[in-house]
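Rule-based calculations on the coordinates, nothing more; no lab input. Given the structure is predicted, the values throughout are model-derived calculations rather than measurements. Reconstructed Cβ throughout: ideal geometry from the backbone, glycine too, with neighbour counts over all protein chains shown.
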Amino acid sequence: MTDNRKFTLPSVDRLLRNENCEPLLQEYGHDLVRDALREAIAKARNNIVQGGSAPGVTEILELTISGLQVHAVPRLRQIFNLTGTVLHTNLGRSLLPQEAIDAMAMVASQPSNLEFETATGMRGDRDSLLEGLLCELTGAEAATVVNNNAAAVFLVLNSLAQGQQVPVSRGELVEIGGSFRVPDIMSRSGCELVEIGTTNRTHSKDYKQAISDNTALLMKVHTSNYEIQGFTASVSDQNVAKIAFEHQLPFITDLGSGTLVDLRKFGLPYEPTVRESIEHGADLVTFSGDKLLGGPQAGLIVGKKELIKTIKANPLKRALRVDKMTIAALQEVLKLYRNPKQLTQKLPTLRLLARPLVEISEIAELIKPPLESTFGAAYEVDVVDCMSQIGSGSLPVEQLASKAILLKPKKHKGVGKQLQQISAGLRSLPCPVIGRITDDTLVLDVRCLENTTQFLDQLKLLDKLELS
Ligand SMILES: *Cc1c(COP(=O)(O)O)cnc(C)c1O
């Protein structure tokens with residue numbers, strides 16, 4: 001007997017005219033619905049070929065809806081960062097305080113005086129909105145802001161050193177996460193790098209000997225993501241500043257992370273502040289908005305008025321400028337620095353970095369039993385001491401004492417595969433959980449876990465998962 005049920009599948013056109021399709025068309029648009037219908041029909045046809053029964057219109061529409069829902073999940077979404085790296089570049093770096101989020105929403109939805117002087121009715125300068133605060137907090141004379149710190153370094157070099165030489169110590173020719181390498185940025189900005197000293201030792205005479213008629217400036221790069229130990233020597237900011245001054249050259253410092261307050265106040269390791277760099281004689285300092293500062297992605301350039309003026313006159317400044325939402329957020333974050341005492345309450349990034357160990361312990365103990373009931377059959381679940389990293393190339397050597405949940409497969413066979421499975425399961429949750437695998441265990445550092453209710457609520461979805 002021939003089975004001709006496969007010929008009874010409805011056509012895409014007919015389904016598109018079905019009244020139950022109307023709300024889908026409203027929500028997703030014609031093309032997406034048409035494609036999802038095609039996919040659903042193909043699945044149905046496949047099912048018939050495999051010997052299954054022919055689905056009716058309702059079933060095909062249900063298949064279509066689940067197909068469309070997959071498309072509707074935003075590609076950029078919230079995750080749980082349990083990697084132990086607080087400022088994780090791949091996971092969005094710093095988290096903004098509510099004040100900044102409100103300010104962003106305001107300028108996003110309403111007209112603002114972004115480049116307009118309300119007092120005079122004249123055209124304004126977007127940089128002037130932040131310049132006062134930046135000068136107040138760093139002791140610099142002037143300031144400007146661009147897209148990120150890579151852009152800041154690029155713009156400074158392109159504005160002040162194009163076609164000229166810039167001596168940099170070999171110990172400072174760093175790579176910061178993949179695409180930012182000091183030598184590459186220098187050549188793209190049009191200046192010639194003159195490597196001086198050696199990897200471990202650079203002396204004042206190296207700077208002096210490198211200076212020629214074609215030297216544009218002296219630059220120091222804060223080696224934020226590694227540390228050279230042992231037989232080392234470097235020239236202090238003050239001494240490079242002195243040499244630069246004697247040769248009438250600007251001295252610029254790329255601080256990388258840079259912070260506006262002494263982090264030791266919050267029990268964190270020392271990191272040079274922007275004000276210190278200025279006091280040590282830097283004519284310009286560049287640093288990131290979304291590293292230790294805890295603000296939006298931005299590159300801040302502070303220093304001498306004349307130099308900032310030259311930088312702002314570079315046509316590339318326009319290509320690298322920040323948008324109004326960044327300015328709004330940065331303004332609010334900077335304002336919080338006027339009262340450093342409240343920073344660990346108000347700035348989420350500093351709050352997580354300075355989070356007391358007892359609080360982290362409590363979180364770990366709280367989530368251990370539910371994790372045990374979800375994974376306990378196949379995994380040993382333990383709370384252990386661990387070290388978190390600050391991240392984003394900040395303070396690589398210093399680490400922060402923290403607590404982690406360890407998930408260790410009980411079965412010794414196929415440990416790697418089991419760990420891949422459990423991590424994939426956690427990543428497949430509505431709010432994906434990102435941990436890290438080390439030494440045959442899945443490590444979930446709970447330093448950055450604050451919303452435990454949201455975290456625990458979605459665990460039940462994992463019961464459905466095949467956890468072998
Ligand atoms: C991080 C860093 C940069 C790049 O900053 P982004 O804000 O990521 O563009 C440049 N220089 C140093 C020393 C850094 O640490």
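Rounded to the nearest 20 debye, the dipole magnitude of region 1-77 is 240 debye, with +1 charges on Lys and Arg beta carbons, -1 on Asp and Glu beta carbons, and the Cα centre as origin.
Using Cα pairs closer than 8 Å and at least 6 residues apart in sequence, work out the relative contact order for the chain, in percent. Result for the chain is 18 percent.
Near the amide H of Tyr379, within less than 5 Å, lie the amide hydrogens of Lys410, all on another chain or at least 5 residues away, with H placed in the peptide plane. What shape does region 23-123 have by the C-alpha gyration tensor, where a ≥ b ≥ c are the square roots of the eigenvalues, rounded means a/c under 1.5, and otherwise prolate means a/b greater than b/c and oblate the rest? Oblate. Compactness of region 131-180 is given as radius of gyration and Dmax, 13.7, 36 Å, from Cα positions. The ratio of the alpha-carbon radius of gyration of region 172-316 to the globular-protein estimate 2.2 N^0.38 Å is 1.06. For region 257-414, a simple Cβ point-charge model (Lys and Arg +1, Asp and Glu -1, everything else neutral) yields a dipole of about 660 debye relative to the Cα centre.
Could you list which residues have their amide H under 5 Å from that of Glu192, counting only those 5 or more apart in sequence or on another chain, with H placed in the peptide plane? The answer is Gly163, Gln164, Gln165, Val166. Note that region 250-257 has calculated 3J(HN,Hα) couplings of x, 10, 10, 10, 9, 7, x, 5 Hz, one per residue in order, obtained from phi through the Karplus relation 6.51 cos²θ - 1.76 cosθ + 1.60 (θ = phi - 60°); glycine and proline are x.
Proximity of backbone amide H atoms, modeled 1.01 Å from N, is registered between Ala233 and Arg201, Thr202 at under 5 Å, excluding neighbours fewer than 5 places apart on the same chain.
Can you classify the chain as rounded, prolate or oblate using the Cα gyration tensor, where a ≥ b ≥ c are the square roots of its eigenvalues, rounded means a/c under 1.5, and otherwise it's prolate if a/b beats b/c and oblate if not? Because a/c hits 1.5 or more and a/b exceeds b/c, the chain counts as prolate. Based on the Kirkwood radius over alpha-carbon pairs, what value in µm²/s does the Stokes-Einstein equation return for the translational diffusion coefficient of region 255-353 at 20 °C and 1.002 mPa s? Rounded to a whole number, D works out at 148 µm²/s. Centroid-to-centroid, using Cα positions, region 239-269 and region 211-237 are 11 Å apart.
The packing ranking of peptides 136-143, 21-28, highest mean first, is 136-143, 21-28, where packing means the average number of other beta carbon atoms within 10 angstrom of each residue. Positive end of the dipole of region 1-150 (Cβ unit charges, origin at the Cα centre): among Ala150, Gln110, Leu16, the Cα lying farthest that way belongs to Leu16. For the chain, the residue among Thr344, Ala54, Gln389 whose Cα projects farthest onto the positive side of the dipole built from Cβ charges is Ala54. In order along region 298-303, phi translates into HN-Hα couplings of 6, x, 9, 10, 10, x Hz, rounded to whole numbers, per the Karplus curve 6.51 cos²θ - 1.76 cosθ + 1.60 with θ = phi - 60° and x for Gly and Pro. With an a/c value of 1.5 or above and a/b not larger than b/c for the gyration tensor axes a ≥ b ≥ c computed over the alpha-carbon atoms, region 402-468 is described as oblate.
Charging the Cβ of each Asp and Glu at -1 and of each Lys and Arg at +1, and nothing else, the dipole of region 266-310 about its Cα centre rounds to 160 debye.
Put simply, when 436-448, 43-55 are sorted by average Cβ atoms within 10 angstrom per residue, most first, you get 436-448, 43-55. Sorted on the mean count of surrounding Cβ atoms within 10 Å across their residues, most packed first, peptides 249-257, 419-427, 226-234 read 249-257, 419-427, 226-234. Computed from Cα atoms, the angle from the helix 149-161 axis to the main principal axis of the chain rounds to 40 degrees.
Extents of region 74-213, largest first, come to 55, 49, 27 Å (Cα atoms, principal axes, whole angstrom).
What the phi angles of region 19-29 give under the Karplus curve with 6.51, -1.76 and 1.60, with θ = phi - 60°, is a coupling list of 5, 6, 7, 4, x, 5, 4, 4, 7, 10, x Hz, glycine and proline written as x. Take the Cα radius of gyration of region 352-458 and divide it by 2.2 N^0.38 Å, N being the number of residues; the result is 1.07. With a cut-off of 13 Å between beta carbons, the residues surrounding Lys408 carry a summed charge of -3, where Lys and Arg count +1 and Asp and Glu -1. Ordered by the count of other Cβ atoms within 10 Å of each Cβ, fewest first, Leu217, Leu347 give Leu217, Leu347.
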